[in-house]
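So the structure is just underneath, and the comments pick up after that.
The values are calculated or read from the model by the stated rules, or taken from the named source; none is laboratory data. These figures come from a predicted structure and were not determined experimentally. Note that we place each Cβ from the backbone using ideal geometry, even for glycine, and neighbour counts take in every protein chain shown.
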Amino acid sequence: MVHPKIAFIWMVNTTERLVGLNATLHAISQCKHKDRLDIWVAASTAEIEWRILAHLRNSPYKGMAIRTLNVNDTSWHGYKKKLAAIIGKYEYFIKCDDDLFYGHHILDCFIEKADLLEDPGNLWLFPVSSINSLTTDLFIEDFVEDASVRQGIYQDFTAFDYNQYPNSNGTDDLVPLKRFFLNMGAWDAGALRQYMLDAQYFNGGEHPIRHSNPAITKLNTYIIDHIKRIFAPQDYVVTPYPGFYQAQFYVMRSDVWFHIQGLVDQGNIPRGLIDETEINWYSKFNNKTPLMIRRAHVIHPALIGVDLKHYHQVMYQAIQHHLGA
């Protein structure tokens, strides 16, 4: 049986993030199903696309067939323009942000499990990533084996000054969430997840990991100290996991993505800066099932509110040292 190609789209928005491209290409080069992938590197400006091409000329992976795209749009809207320009030619696509690190087995799992999305009730498939509003606590539970480190991270979540937590995420009033955090007491990941599921937030993905530098430092330090386990195959479990996923990395049917964008254009779904809020909204209010790959360990060094460049560079250097990529 001949399987259709899947678009793999690496979304890069700044030249400084190009340092992570070799680690991505390393993962693809090791993927046993790499012949199923069409590799795209999607840029926001002509300069970034030029830098990509220059980078590839000096890359150990320059022999790989890699397509580039430039949408000439550095705004948030450029994000969706990249996907829309590519995925119409494919039944499935994998979207991957430029600040993620993982082993090739994650890609193999994506490709092998993509047919689960033939069921119209299943919306998208994503891994557990280290810093993500929905999956952080699962990553800590599964990957951080040192109980003292886990407790230290939880204490950082509890000790965060929630009076300093933002009052808005750009779409939602977060003042009630701040009160929830202030009244929580000891860290309770399940209570936060239920609160977010019950709330009417549009963005929906909130977690102290977005803002707590001490927690991020502890988690990233532990990951670096145990980096080999990130790149080792795991006993994966695909499970339904409703919630608001910060969609750095996922596989989805292209026609479903376009259907959701049509609902946005018609005003049936609020328009978000990027597609993840719209997809989460569609999932929640149309009873669609998000599928999560448990024990798929993906590194996302930081979200917002912290020194993104610092955490990305520290993690990248550790991975380069481990892989020699």
Practice item. Could you check, for region 166-186, whether at least one of its residues is over 23 Å from residue 224 (Cβ atoms), of a type in the set (D, E, K, R) and under 22 Å from the mean Cα position of the chain (by Cα)? Key: yes
Revision key, fill the gap. Considering residues that are exposed (fewer than 15 other Cβ atoms within 10 Å of the Cβ) and closer than 21 Å to residue 282 by Cβ, the number found within region 172-181 is 0
Exercise for review: Give 201, 195 a once-over and let me know the one that is more than 20 Å from residue 100 (Cβ to Cβ) and surrounded by 21 or more Cβ atoms within 10 Å (Cβ to Cβ).
Suggested key: 201
Revision key, fill the gap. Scanning region 72-89 residue by residue, those over 22 Å from residue 124 (Cβ atoms) and either among the hydrophobic types (A, V, I, L, M, F, W, C) or in contact (Cβ under 8 Å) with a residue 40 or more places away in the chain (or both) turn out to be 74
Practice item. Could you tell me which numbered condition residue 242 fails, if it satisfies all but one of (1) free of Cβ contacts under 8 Å to residues at least 60 places away in the same chain; (2) within 22 Å of residue 127 (Cβ to Cβ); (3) over 17 Å from the mean Cα position of the chain (by Cα)? Key: (3)
Point to revise | Only listed residue being at pLDDT 95 or above and of a type in the set (A, V, I, L, M, F, W, C), chosen from 209, 140, 216 | key: 140
Check your understanding: Within the set of pairs 6 or more residues apart or between chains, which connect a residue that is over 19 Å from residue 172 (Cβ atoms) inside region 252-276 to a residue that is basic (Lys, Arg) and not in a loop (DSSP other than H, G, I, E, B) with Cβ atoms less than 8 Å apart?
Key -> 252/95; 261/80
Point to revise | Where a residue in region 106-121 is β-branched (Val, Ile, Thr) and its partner, wherever it lies, is crowded, with 20+ Cβ neighbours inside 10 Å and at pLDDT 95 or above, with Cβ under 6 Å and at least six apart | key: 106/127
Check your understanding: Within region 82-104, can you find the residues that are assigned to a loop (DSSP other than H, G, I, E, B), over 21 Å from residue 19 (Cβ atoms) and not basic (Lys, Arg)?
Key -> 88, 90, 91
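Here is a yes/no grid of residues against (1) out of contact with any His (no Cβ under 8 Å at 6 or more places or on another chain); (2) polar (S, T, N, Q); (3) surrounded by fewer than 20 Cβ atoms within 10 Å (Cβ to Cβ):
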site	(1), (2), (3)
127	no, no, no
135	yes, yes, no
139	no, no, no
142	no, no, yes
146	yes, no, yes
149	yes, no, yes
159	yes, no, yes
183	yes, yes, yes
Exercise for review: Provide a single number: the residues in region 41-50 that are over 17 Å from the mean Cα position of the chain (by Cα) and part of a strand (DSSP E or B).
Suggested key: 1
Revision key, fill the gap. When region 278-309 is checked residue by residue, the ones that are within 14 Å of residue 20 (Cβ to Cβ) and surrounded by fewer than 16 Cβ atoms within 10 Å (Cβ to Cβ) are 309
Exercise for review: Tell me which of these residue 204 doesn't satisfy, since it passes every other one: (1) under 28 Å from residue 145 (Cα atoms); (2) assigned to a loop (DSSP other than H, G, I, E, B); (3) not polar (S, T, N, Q).
Suggested key: (1)
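To keep it simple, each residue is scored yes or no on (1) touching a residue at least 40 places away in the same chain (Cβ under 8 Å); (2) farther than 24 Å from residue 265 by Cα; (3) among the polar types (S, T, N, Q).
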site: 28; (1), (2), (3): yes, yes, no
site: 37; (1), (2), (3): yes, yes, no
site: 47; (1), (2), (3): no, yes, no
site: 57; (1), (2), (3): no, yes, no
site: 65; (1), (2), (3): no, yes, no
site: 91; (1), (2), (3): yes, no, no
Check your understanding: From the list 69, 21, 53, 100, which one is touching a residue at least 24 places away in the same chain (Cβ under 8 Å), surrounded by fewer than 19 Cβ atoms within 10 Å (Cβ to Cβ), aliphatic (A, V, I, L, M) and within 25 Å of residue 309 (Cβ to Cβ)?
Key -> 69
Revision key, fill the gap. Those helices (runs of 4 or more DSSP H) completely within region 126-190 that have 2 or more residues that are free of Cβ contacts under 8 Å to residues at least 60 places away in the same chain and farther than 29 Å from residue 271 by Cα are 147-159, 175-184
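Here is a yes/no grid of residues against (1) in contact with a Gly (Cβ under 7 Å, 6 or more places away or on another chain); (2) assigned to a helix (DSSP H, G or I):
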{"position": "9", "(1), (2)": "no, no"}
{"position": "13", "(1), (2)": "no, no"}
{"position": "22", "(1), (2)": "no, yes"}
{"position": "27", "(1), (2)": "yes, yes"}
{"position": "32", "(1), (2)": "no, no"}
{"position": "38", "(1), (2)": "no, no"}
{"position": "56", "(1), (2)": "no, yes"}
